[in-house]
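See below for the structure under consideration.
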Amino acid sequence: MNTTTANISAESEIRALMDSWTQAFLAKDLDGIMAHYSPDIVAFDAILALQVKGQEAYREHWEKCFSFCQGPIEFKLHDVNIVAGDDIAYSHSLSHCGGPNEQGDIQASWMRGTVCYRKLGGQWKIVHEHFSAPFDMETGKALFDLQP
């Protein structure tokens with residue numbers, strides 16, 4: 001297999017991982033989500049913590065995140081870009097994420113995401129994840145109303 005064919009295959013495998021992760025997230029399937037991470041995941045999530053290290057700590061973080069979700073979750077990827085080699089890859093994208101608040105009104109916004117992957121034991125795993133929202137330097141407030 002030449003490098004181009006290998007990279008296309010790796011990109012396809014990463015895209016399948018992203019789709020599987022998204023389905024687990026939408027289902028609030030914590031075990032399904034965690035199956036995509038390496039044991040030494042380092043995450044920079046948009047909420048609650050500056051950084052989270054390790055699968056156990058990230059699982060606890062996800063449990064806290066899901067406690068804020070009162071109903072179905074909305075999550076859609078946009079502008080996905082994947083660069084993949086033989087055993088390391090990254091992606092960046094925009095994601096529209098949110099769900100209903102206690103009054104049933106949808107609260108969703110666009111976030112930025114960068115994810116790094118490594119092929120471990122023949123399977124792609126997420127080794128680093130970074131989700132964030134831009135913010136206004138003058139007010140210090142997150143800019144949740146921006147659109148792609």
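What to note about this one:
- Qualifying GluC sites (Glu not before Pro) in region 45-148, DSSP loop, other Cβ atoms within 10 Å at most 15: GLU102, GLU138
- Residue exposure proxy: CYS116, CYS69, CYS97, ordered by other Cβ atoms within 10 angstrom of their Cβ from fewest to most, comes out as CYS69, CYS116, CYS97.
- Cβ-defined net charge surrounding ILE106, 15 Å radius [Lys, Arg +1; Asp, Glu -1]: -3
- When peptides 38-47, 23-32 are ranked by their average number of other Cβ atoms within 10 Å per residue, the highest-first order is 38-47, 23-32.
- Matching label, P(r) over Cα pairs in 10 Å bins from 0, in percent computed from the structure shown, candidates (i) 10, 37, 30, 14, 7, 2; (ii) 10, 30, 24, 19, 13, 5, 0; (iii) 11, 39, 35, 13, 3, 0: (iii)
Coordinate-derived values only; no laboratory data. Being a predicted model, the structure only gives us computed values, none of them experimental. So basically every Cβ, Gly included, is an ideal-geometry build from the backbone, and we count neighbours across all protein chains shown.
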